[in-house]
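**Q** One structure, pasted below without further comment.
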Amino acid sequence: MTPGQPGPVTRAERIDALDTTRGVAVLGILLMNIWSFAGPQAIYDYPVAAADWGGAPLQTWAVMHTLFEGSQRALFSLLFGAGMLLMVNRLDEQGIPGGSGRIYYRRLGFLLLFGLFDLFVLLWPADILFVYGLCGLLLYPLRRRSVRTLLLLAMLVFALQATLRYMDWQHKQQLQAEYVATQLAGEPAAGAAPERLAEWAAVEARARPDLNSPKIQESIRVQSSGNLREFLVSQWQTSFILLLVVGIKSLLLDSLGAMLVGMALLRAGVLTLRAPARVYVLLLVVGYGIGLPLAAWETSALILQDFDPLLKARNLLHYDLRRIAVGLGHLSSLLLLCRAFPGGWLAQRLAAVGRMALSNYLGQSLLCGLLFGSIGMGLYGQFTGYYLYGLVLLIWAAQIAFSNAWLAHFRYGPCEWLWRSLTYSARQPLRLN
């Protein structure tokens, strides 16, 4: 590649530790997503209700919630922020005419399209790619900021998120107080309008859903055996609602904060293995030391208080602290292994998955859609708890095998090749020479 001619990163320029970590992250995100692929969200929100479904859903939920809830998404987001900064740094070094911004924003524009494809074609309502594209729009102006500045900005983002969650917690406390006062008095308390009483009833219903309710049973029927029109309409509606209510309202700040942390860690040399070993040990000890006890306390408290909706809202106040801390513990563990066993067999197998992260992420949507949806095997609502993780292992094995077999013949994964060709407005070579 000559100066002034931009192009994607070559195999020789790749950072193996980053690829390996990214591979673990994209596989690991299925640990949590599998619940939503396989059945109604109500099962994960209130696993007690599915106690007679088999697979020990409550016990399995407790393990997953403690070790992985939010932390896998944090790791994935962190690596995305680092990857975008790495790309910009490389383009700046190439001296691109007009600067790197043109290519950067074009890349993000196509990522947004991939997200819409996942949402409305592959029919995965909990897609994260569209949100990542939106967050990425804010990262480019911060590309030259120091480690200290990036971490401070991340703290501000998390503080804003916590403030919004505190306001929601306070609102729910007030709703409950009005509801309880009304129940005791036998008539609406002062200021307790009927719609506010109904709002609290809805909060309680969402916190402790009844899986036998007509609404949830109809959802299971449509997802598992509904006709094509029913299935498509249901998925499109869910995708649109989740994009607006969860994606933009909640996951935007959630993802942005983690991306800023990832940019800071890249700038500090942590993600490229240039930091001293004691830094990784410190991140591991502090991350797990803070995150795991906090996660275990949250999990046990929810079970003991029967998933009380106010407790759920209160736990969100320190949710980001917990998930980022556990995520950093996972990250440092992986990087220590990469330092100890550079070029190891397993690390290389996982690195191939990381080099095809986009293809594998979208591939999970495709595979799980075929497994659980009515357009495939229709297994939706039939598995939960630890039964789900037999399927997860099968999907992992398939993606590891496919990634390594594909990259033995091609330079990029299929979606990565398309993304790069669109980004650089030129068809990229695909086959290895």
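Laboratory data are not the source of any read-out in this text; all were calculated from the coordinates shown. Note that the coordinates shown come from a computational prediction; the quantities given were computed from them, not determined experimentally. When we count neighbours, we look across all protein chains shown, and the Cβ atoms used for this are built from the backbone with ideal geometry, even at glycine.
**Q** Taking neighbour Cβ counts within 10 Å as the exposure measure, how do Ile303, Ile15 sort from fewest upward?
**A** Lowest count first: Ile303, Ile15.
**Q** Compute, for region 28-181, the length of the dipole vector about the Cα centre, with Cβ point charges of +1 (Lys, Arg) and -1 (Asp, Glu) only. Units Debye, rounded to 20.
**A** Roughly 840 debye, rounded to the nearest 20.
**Q** Just check region 115-177 against the gyration tensor rule for me: Cα atoms, a ≥ b ≥ c as the square roots of the eigenvalues, rounded for a/c under 1.5, and otherwise prolate or oblate depending on whether a/b exceeds b/c.
**A** Oblate, since a/c reaches 1.5 and b/c is not below a/b.
**Q** Once the dipole of the chain is set up with Lys and Arg at +1 and Asp and Glu at -1 on Cβ about the Cα centre, which of Ala347, Leu116, Phe410 lies farthest towards its positive end?
**A** About the Cα centre, the residue reaching furthest to the positive side is Phe410.
**Q** With +1 on each Lys and Arg Cβ and -1 on each Asp and Glu Cβ, and nothing else charged, work out how big the dipole of region 210-276 is about its Cα centre, in Debye to the nearest 20.
**A** Here the size comes out at about 260 debye.
**Q** So, one more: Which entry in (1) 23.0; (2) 23.9; (3) 25.9 matches Kirkwood radius over Cα pairs in Å derived from the coordinates of this structure?
**A** Here Kirkwood radius over Cα pairs in Å agrees with entry (1).
**Q** Also, quick follow-up: How would you rank Glu93, Glu199, going from fewest to most other Cβ atoms within 10 Å of each one's own Cβ?
**A** Ascending Cβ contact count within 10 Å gives the list Glu93, Glu199.
**Q** Helix-derived [θ] at 222 nm for the chain: sum -39500 (n - 2.57) over DSSP H runs of at least 4, divide by residue count, nearest 500?
**A** -23500 deg cm²/dmol
**Q** Of the options Leu292, Leu184, Pro209, report the single residue whose Cα projects farthest towards the positive end of the charge dipole of region 184-295 (beta-carbon charges: Lys, Arg +1; Asp, Glu -1).
**A** Leu292
**Q** Something else: Kindly state, to the nearest 0.05, the FRET efficiency for Leu317 paired with Leu137, given R0 = 30 Å and r defined as their beta-carbon distance.
**A** Calculated transfer efficiency: 0.60.
**Q** Farthest toward the dipole's positive end in the chain, which of Thr423, Ile128, Leu253, given Cβ charges of +1 (Lys, Arg) and -1 (Asp, Glu) about the Cα centre?
**A** Projecting each Cα onto the dipole axis, the largest value belongs to Thr423.
**Q** Something else about it: In debye to the nearest 20, how big a dipole does the chain give about its Cα centre with +1 on each Lys and Arg Cβ and -1 on each Asp and Glu Cβ?
**A** Result for the chain is approximately 1940 debye, rounded to the nearest 20.
**Q** Given axes a ≥ b ≥ c from the Cα gyration tensor, I'd like to know whether region 343-433 is rounded (a/c under 1.5), prolate (a/b larger than b/c) or oblate.
**A** oblate
**Q** For Phe410, enumerate residues with amide H under 5 Å from its amide H, sequence gap 5+ or separate chain, H modeled in the peptide plane.
**A** Leu432
**Q** Could you order peptides 26-33, 260-267, 323-330 by the average number of other Cβ atoms within 10 Å of their residues, highest first?
**A** Most protected by this proxy first, the peptides run 260-267, 323-330, 26-33.
**Q** Continuing with this model, one more query. Which stretch or stretches of region 44-70 have amide N atoms under 14 Å from the point lying 7 Å from Arg208's Cα along the Cα→Cβ direction?
**A** Of the residues in region 44-70, 46-50 have backbone N under 14 Å from the label point off Arg208.
**Q** Turning to a different aspect of this structure: Classify region 359-398: rounded, prolate or oblate, from the alpha-carbon gyration tensor (a ≥ b ≥ c, eigenvalue square roots; a/c under 1.5 rounded; otherwise prolate if a/b is larger than b/c)?
**A** oblate
**Q** While we're here: Run the numbers for Glu195 and Ser425: contour at 0.36 nm per residue of separation, minus the present Cα-Cα distance, in nm.
**A** The Glu195-Ser425 span can extend by a further 77.4 nm.
**Q** Starting from the 7 Å offset along Cα-to-Cβ, what nm value, one decimal, do you get for the label separation of Ala51 and Arg90?
**A** If labels sit at Ala51 and Arg90, their model points lie 5.3 nm apart.
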